[in-house]
Amino acid sequence: MKYIEYINEILKQKVLEPEHLFIFGQNVSAGSCISGFTRGLKVKPGGRIVNTPNCENTLCGVGFGAMMNGVDAIFFMKQQDFLLLGIDQLVNTYNIVRRNNPKASFTIMPVIVDSGYEGPQSALNNFADFCSIARIPGYTITNKIDAQEIINKHLIAPGFRIIAISQRLFKTELIDIPCVYMNKDRSLFQYFQGQDVTIACFNLSLPYGLEIHRRMRENNIQASVFSINAAMPISWDEIVEDVQRTKRVIIIDDSKSVNVPYQSLLCALYAQGSMEKHVLVKRSYEGYWCRPHHDQLDIDYDKVISDLNIQGIGVINK
Amino acid sequence: MSHSALKEEILRKLLRLRMAQLIVNEMYKKGAFKVPVHLALGHEAIAVSLSEIMGLNDQLILNHRNIHYNLARVDSLKTEIDEYLLKNEGLAGGDLGSMNLVNEARGIVYSSSILGNNLAVAAGFAMAKSIRNDDGVVMVVTGDGAIEEGAFYESLVFEKSNQLPVIVIIENNQWSLGTKIEERRCTIDIGKLVSGLSIPYEQLSSNDTYEYIDKLTALKAIACERKTPVCVEVPLTTLGWWRQKTADFPDGKFINYHAGPSPSVNEQEDPYLARSSDDPLFVMEKYFSTDKIRLLAAETLAELKKAVL
């Protein structure tokens, strides 16, 4: 099953639960829907699905208004880029809404266009920056487990949040791996536990982390793999505890954000003092980096592994 | 209550709104408030009228200049002043101050200090009502400055597309901060603009509170029966302007009241701020004698001061 097919399956079940659910967005129930996303969604008779005009600023306000008036609302949108038009609502209205702990829900589900080649104005892969403007709870979805857990816990729950999915992963095979731990907020998932290295994947970078994990395992290096699905800093206790054992950390962030939660993790690790070595995998910015190009990280996996200087474990220093 | 008693009750509400603002202005001049308050002297007719036609299921959404609507709905001037003073006893426990002040128990569900922001939120409130088949309409207040924002057009398109009964009140005092309409933009014929969206339009310009109540009642019925937004433009004058002498303007430059205290207005038993139709109290002289209005004003001021001080 493909990533987007599974997300649609989970959504279909979840949106049938409330009596009065308001689903809206451009093309949400027309044609190919949002390039396949939202295909087949149906709500109970007391709810409504609306294909809206192109007015993102107003649509964000509409979602908050519906929520304040007691109706659960979900705004699906084709690109996170378009959400920039709604920033007034995301900051100013949210700052009013959060005062009263609203009983109803408002969730925005945008697609992060991390697939590349869209051009300078349609490649806002800056989810953490985006959420940081008003400390908006933000969650990313990368695989079967987090899709299930995040959608079931957060899609329709009192309050406001953004749940982002990846364009890059749309048509890829769904990642289906067992989870060894997840925190209460479903913002931190651990997929493997190892003795030698800790891998912390931010934004939508879990597939890269899993590839590093696979290569390490071939070299008899046992790595823990965490995915941090939150756009805002969270409690790092589980990762810090893991690093106390492994001493080595690989941090991967495939976003273009400047306000990044991994810096908060690094501070926590430095403060704790067990980390002996870390490798940071992130984007580099040279020249006019906005020109159309692929958006994937070009990772020299062998170098990442050798940079950890793991002595006496497997054959890794090629 | 007899018809004449009802009329006098409306006059008393107008006077309460005027005299309460004079008290707030006096405290403001003495530096009592840290939050910015946007007085609405001269805006009383539309505020009292809108409050009068509000039913239990109606919801009112305001902008930054909301003192008149809040005062028209609040039971105690003191709780509103306490809010401006950011006291725990304030209407919102000191959380909201002036520009975002709400009074949910009396139907004021949202206020925004950002031009155009509240129009979109109003559309959401109306959508929720429609989904639940709730009675009542959403009323949203904006101004001649905010209609320049894209949110004005966007929200009307959304409301019309989704058959939402919303009454959009546009207070047109000609000014946005320190610029008059002709200093900042082309003319916008709101009637023509919204007619392009098949949205009913009405202009209320007499400053006659009784006439406004009748017309707003009819417009509310249209909004509910036709399931449509309606636009109501209310040309008015924000009273409290003054002239500021500067090197460039030795004779004094006209300063329209925007925010802060109005230095040209004093707390006084005489309620009039203009002897023209710019002042809705002057318009009341069609129905009441000047002496009667002055007498009721003095009584109202004394009652308010007793309650506040």
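Each value in this text was obtained by applying a stated rule to the coordinates, not by laboratory testing. Keep in mind that this is a model prediction, so the values were computed, not measured. In this analysis, Cβ positions are derived from the backbone assuming ideal geometry, glycine residues included, and neighbour counts consider all displayed protein chains.
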Dmax and Rg, reported as Rg then Dmax, of segment A:78-148 (C-alpha, Å): 13.7, 42
Given the C-alpha atoms of segment B:17-82, compute the convex hull and give its volume per residue in Å³. 88
Share of Cα-Cα pairs in chain B beyond 34 Å, whole percent, is 19
When you look at the Cβ of every residue in A:88-98, what mean number of other chain Cβ atoms sits within 10 Å? 4
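Going by C-beta contacts inside 10 Å, put B:Tyr110, B:Tyr210 in order with the fewest on the left.
Lowest to highest Cβ neighbour count: B:Tyr210, B:Tyr110.
For chain B, what is the mean residue ellipticity at 222 nm derived from helices alone (per DSSP H run of n ≥ 4: -39500 (n - 2.57); sum divided by total residues; nearest 500 deg cm²/dmol)?
On the way: 11 runs with 131 residues, N = 309.
Taking each H run of at least 4 residues, the total per residue is -13000 deg cm²/dmol.
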Hey, quick one: spin label on B:Thr187, modelled 7 Å out along Cα-Cβ, who in segment B:203-233 has an amide N within reach, i.e. under 20 Å? B:203-206, B:232-233
Run the numbers on chain B and let me know its relative contact order in percent, using alpha-carbon pairs under 8 Å that are six or more apart. 22
Cross-link list B:Lys7/B:Lys253; B:Lys34/B:Lys253; A:Lys14/A:Lys282; A:Lys2/A:Lys277; B:Lys7/B:Lys30; A:Lys44/B:Lys160: which exceed 32 angstrom alpha carbon to alpha carbon? B:Lys7/B:Lys253; A:Lys14/A:Lys282; A:Lys2/A:Lys277; B:Lys7/B:Lys30
Just in segment B:30-136: which GluC sites (Glu not before Pro) are loop by DSSP and have at most 16 other Cβ atoms within 10 Å? B:Glu89
Sort A:Cys201, A:Cys179 by Cβ crowding within 10 Å, fewest neighbours at the top. A:Cys179, A:Cys201
Flagged links, alpha-carbon separation over 25 Å, of A:Lys103/B:Lys220; B:Lys13/B:Lys78; B:Lys180/B:Lys227; B:Lys129/B:Lys180: A:Lys103/B:Lys220; B:Lys180/B:Lys227; B:Lys129/B:Lys180
Quarter of Cα convex hull surface for segment A:25-94, i.e. mean projection, nm²: 4.8
Antiparallel DSSP beta bridges within chain B, as percent of all bridges there, nearest 5: 20
Can you give the extra length, in nm with one decimal, that the chain gains between A:Met232 and A:Ser274 once fully stretched, where that is 0.36 nm per residue apart less the Cα-Cα distance? 12.7 nm
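If the convex hull of the alpha-carbon atoms of segment B:12-169 is projected onto planes in all directions, what is the mean projected area in square nanometres?
9.0
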Contact order relative to length of chain A, as percent, for alpha carbon pairs under 8 angstrom and 6 or more apart: 15
CD proxy at 222 nm, helix term only [per DSSP H run n ≥ 4: -39500 (n - 2.57); per residue of chain A; nearest 500]: -8000 deg cm²/dmol
Using a 7 Å offset from the Cα along the Cα-to-Cβ direction at both A:Asn152 and B:Asp251, what is the distance between the two label points in nm, to one decimal? 7.8
If r is the Cβ-Cβ distance from B:Asp75 to B:Asp135 and R0 is 22 Å, what FRET efficiency results, to the nearest 0.05? 0.40
Calculated log₁₀ intensity ratio I(q)/I(0) where the Debye formula runs over C-alpha points of the protein assembly as shown, q = 0.06, 0.10, 0.12 Å⁻¹: -0.41, -0.92, -1.14
Residue-wise HN-Hα coupling along segment B:191-207, computed from phi with Karplus coefficients 6.51, -1.76, 1.60 (Hz; x: Gly, Pro): x, 5, 4, 7, 5, x, 9, 6, 9, x, 9, 9, 10, 10, 10, 7, 6
Give a residue-ordered list of calculated ³J(HN,Hα) values for segment B:8-20 (Karplus: 6.51 cos²θ - 1.76 cosθ + 1.60, θ = phi - 60°; whole Hz; x for Gly, Pro). 5, 4, 5, 4, 4, 5, 4, 5, 4, 5, 5, 5, 4
0 to 90° range, to nearest 10: angle between helix A:144-154 axis and chain A longest Cα axis: 50
Cβ density ranking, 10 Å radius, fewest first, applied to B:Asp144, B:Asp270 yields B:Asp270, B:Asp144
Beta bridge orientation in the protein assembly as shown: antiparallel %, DSSP, nearest 5: 20
For B:Asn57 and B:Arg275, calculate 0.36 nm times their separation in residues minus their Cα-Cα distance, and state this gained length in nm to one decimal. 74.7 nm
Quote the FRET efficiency, to the nearest 0.05, computed for B:Gln163 versus A:Gln263 with a Förster distance R0 of 45 Å and r equal to the Cβ-Cβ distance. 0.40
Could I have the simple spin-label model distance between A:Glu218 and B:Lys180, label points 7 Å from Cα toward Cβ, reported in nm to one decimal? 7.8
If R0 is 25 Å, what FRET efficiency do you get for A:Ile133 and A:Asp185 from their C-beta distance, rounded to 0.05? 0.80
Can you give me the Rg/Rh ratio for segment B:68-157, using Cα atoms for both radii and the Kirkwood formula for Rh? 1.02
Can you compute the equivalent ellipsoid semi-axes for segment B:144-212, i.e. the square root of 5 times each eigenvalue of the Cα gyration tensor, sorted largest first and rounded to whole Å? 22, 18, 10
How far is it, in nm, from the label point at A:Tyr301 to the one at B:Ala5 when both lie 7 Å from their Cα along the line to the Cβ? 8.7
For chain A, go through all pairs of different Cα atoms, get the mean of 1/r, take its inverse, and jot down that Kirkwood value in Å. 20.3
According to the square roots a ≥ b ≥ c of the eigenvalues of the Cα gyration tensor, what is the shape class of segment B:156-286, taking rounded for a/c under 1.5, prolate for a/b larger than b/c otherwise, and oblate for the remainder? oblate
Those trypsin sites (Lys or Arg not before Pro) from segment A:70-158 that are DSSP loop and have at most 12 other Cβ neighbours within 10 Å turn out to be A:Lys103
